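See structure below.
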Amino acid sequence: MSSMLNAFSDLVKTRDGQSDSESATPDQRTTKIETNGLDFYYGDQQALFDISMTIPERAVTALIGPSGCGKSTFLRTLNRMNDIIEGTRLTGQVLLEGIDIYAPAIDVVALRKKVGMVFQKSTPFPKSIFDNIAYGPRIAGLRDRRKLTEIVESSLKRAALWDEVKDRINESAMALSGGQQQRLCIARALATSPDVLLMDEPASALDPASTARVEDLIFELKENYTIVIVTHNMQQAARVSDTTAFFFQGRLIEVGDTRQLFTNPKQKQTEDYITGRFG
Amino acid sequence: MSTPTPTAAPTPGSTAHELTHGRRENRLFETLCAVSTWSTFAVLVILIVSVSYRAWGWLDWQFLTSFDSRKPERAGILAGLLGSCWMIVITIMFSVPVGVGAAVYLEEYATDNLLTRIIRTNLANLAGVPSIVYGILGLTVFVRMFGLFGEQGLFHIEGIPLWGDAVIPLPFGRTVISGALSLSLLILPVIIVAAQEALRAVPPSLRHASLALGATRWQTIRHQVLPSALPGIMTGVILAISRAFGETAPLVMIGAMTFVRFAPGKITSLQVVFDDPASLVRAPFDTFTVIPIQIFNWVRQAKSEFQHVAAAGIVVLLVVLLVLNGLAIYVRHRSQKNLRW
């Protein structure tokens, strides 16, 4: 058992500047998002049970757990993407910088600009690369071509895609490779200048090289953004995240510093999961 | 060692049988499919050749630019051609926005309840209703307006003044607008169902991606869903319009004239429009005829020469339909090119 945990501790050490080498411990970081007693229902079926956790600012929080454990549902409650699905219901609180995002006065459209999202399957629009990135600012009312060009360039640069596409910015985004499409989607989400970036298994459909690029990107982006990432891949969670939360059957089993959670889990279920006993 | 060639039919169960009989079945099916394709094509060729043969010598510039006449050699298609064009344009103006709007509502906005489910299932049934029924409906609703107006009606008004000397007659009477509205009702279900299919084919991930970027529902529909669905919607509209163009029965019911010696609004050239712009407004409220009715009328004539006139009319109808379809396919192609898949 301990040898398996040590194998993970090796993975955890693969990056400099991650969690323990930073001066601030998770408890001292500013809280960006906080959930209190969050219950979520699809019709009569309860998908989330009493989730209370905090998500620190400018850090990567990974949500892990077996399929159907509610981690993606939880992620989508954070920008109210679940609202789209008919017959869903939520009780409890989701606080973004202390503001209840499910309060009646909240404008969902404005919320989603602040809390961007990247999906598992890359979903470029059937438009040019430029129009893809400019979509968010444009629907927000920006018409100035020069400003749009600036945003497109800076977003693509931040998503580490600029050098690969700068000569074909007006060509179709569908012609990009899978990994490039996913980074395009990240750039597109960055173009609306969000504070928080939600990622739902952003690398699960990518080859190892593209996965590495996306992971590098996530690591760079946490300088400026609060990132919440759902992943099946525990090595990935260990590599990129500062905080990890383990979900099981709609409940939050354990949340803590990534290094601690992978090397010294407090709960038996967490240990069973990360050592591959189930899931 | 020479390869054995099975000349006689191989016995069932033998390896030779197993290896060959599937191939025969395949060939047989392929032949059947080819026969159905080519027989359809043959019928079309026979139709076009026989009609063109009979129309030969009758289809000329004079035929296209003259009104109907009692004398076959002086009869022309102009009234029908202009009437059909007016009617189809007005039909498109009514049916496309309403049809696409209804499809967008049903697919993108409406919640799934008993009422919307009833509407959804009955749309397909409506598309199967015989066209004569729409004619009767049009006659009651648009031509007579339930007898609400006029001498015996509830409201004693003749019409609503519009612009210049143009007046909207109430009820509409046997006019272009009555015909166009009836045809709109006829093709609406076809357009709605086709547009629904096209909207459903747009991947949900596209909508989610747009919404997640802070787009409103309307912006998502306007910028992502409709452009992606447009080629499919166009296909449905093309089919529906082609059907409306060749439709005769409901227009006979509405009371389109069989012998008309004028065009709607008396517009026979652009010059008329420049001289009297109000004629454009008058035209939809004018009596009319359409190409299919004109053909129907000629076929019924006793003089055998009118059969040639009818054939010439059919050729014109076919050509107009081909041009219309070609135009729509071009537009669809253009809208597909704007999508950068």
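The values are calculated or read from the model by the stated rules, or taken from the named source; none is laboratory data. Every value quoted in this text rests on a predicted model; they were computed, and no experiment measured them. Cβ atoms come from the backbone with ideal geometry, glycine included; neighbour counts cover every protein chain shown.
Before moving on, here are some points about what is shown:
- Those strands (runs of 3 or more DSSP E) of the range A:39-134 in which 2 or more residues are more than 14 Å from the chain's Cα centre (by Cα) occupy A:45-56, A:88-96.
- Among the residues of this structure, A:Phe74 does not count as one that is of a type in the set (Phe, Trp, Tyr), crowded, with 20+ Cβ neighbours inside 10 Å and facing chain B (nearest Cβ under 10 Å).
- Selection within the range A:51-75 - at positive phi and in contact with a Lys or Arg (Cβ under 7 Å, 6 or more places away or on another chain): A:Arg58, A:Gly65
- Residue in the range A:99-119 that is touching a residue at least 60 places away in the same chain (Cβ under 8 Å) and farther than 30 Å from A:Arg143 by Cβ present: no
- Qualifying residue in the range A:16-36 (condition: out of contact with any Leu (no Cβ under 7 Å at 6 or more places or on another chain), part of a helix (DSSP H, G or I) and modelled with pLDDT of 90 or more): no
- Test for B:Val272: is it part of a loop (DSSP other than H, G, I, E, B), among the hydrophobic types (A, V, I, L, M, F, W, C) and under 20 Å from B:Ile77 (Cβ atoms): no
- In the range B:269-283, the residues that are over 19 Å from B:Val167 (Cβ atoms) and among the acidic types (Asp, Glu): B:Asp275
- Taken over the range B:232-267, the residue count meeting the criterion of being surrounded by fewer than 20 Cβ atoms within 10 Å (Cβ to Cβ) and under 15 Å from B:Asn325 (Cβ atoms) is 6.
- Only listed residue being aromatic (Phe, Trp, Tyr) and touching a helix residue (DSSP H, G or I) at 6+ places or on another chain (Cβ under 6 Å), chosen from B:Phe274, B:Phe288: B:Phe288
- Extreme residue, farthest from the other protein chains (Cβ to nearest Cβ), among residues of the range B:196-226 that are surrounded by fewer than 18 Cβ atoms within 10 Å (Cβ to Cβ), farther than 17 Å from A:Asp83 by Cα and not basic (Lys, Arg): B:Glu197
- B:Lys266 at positive phi, assigned by TED's automatic domain parsing to the domain that holds B:Ile177 and of a type outside the set (Gly, Ala, Ser): yes
- Those residues of the range A:140-155 which are among the hydroxyl-bearing types (Ser, Thr, Tyr) and crowded, with 17+ Cβ neighbours inside 10 Å, in sequence order: A:Ser155
- Test: residue in the range B:101-112 that is among the hydrophobic types (A, V, I, L, M, F, W, C) and at pLDDT below 90: yes
- Selection within the range B:311-340 - more than 14 Å from chain A (Cβ to nearest Cβ) and among the hydroxyl-bearing types (Ser, Thr, Tyr): B:Tyr330
- Residue in the range B:66-73 that is among the hydrophobic types (A, V, I, L, M, F, W, C) and touching a residue at least 12 places away in the same chain (Cβ under 8 Å) present: yes
- Wholly within the range B:1-104, helices (runs of 4 or more DSSP H) carrying at least 1 residues that are farther than 29 Å from B:Leu317 by Cβ: B:15-55, B:78-104
- Filter result for B:Lys266 (more than 14 Å from every other protein chain (Cβ to nearest Cβ) and closer than 25 Å to B:Tyr53 by Cα): no
- Summed over the range B:137-153, residues that are out of contact with any helix residue (DSSP H, G or I) (no Cβ under 6 Å at 6 or more places or on another chain) and surrounded by 10 or more Cβ atoms within 10 Å (Cβ to Cβ) total 10.
- Members of the range B:90-124 found to be among the aromatic types (Phe, Trp, Tyr) and within 14 Å of chain A (Cβ to nearest Cβ), listed by number: B:Tyr109
- Any hit, the range B:54-74, residues being surrounded by 13 or more Cβ atoms within 10 Å (Cβ to Cβ), in the same structural domain as B:Leu239 (by TED's automatic domain parsing) and touching a Ser or Thr at 6+ places or on another chain (Cβ under 7 Å): yes
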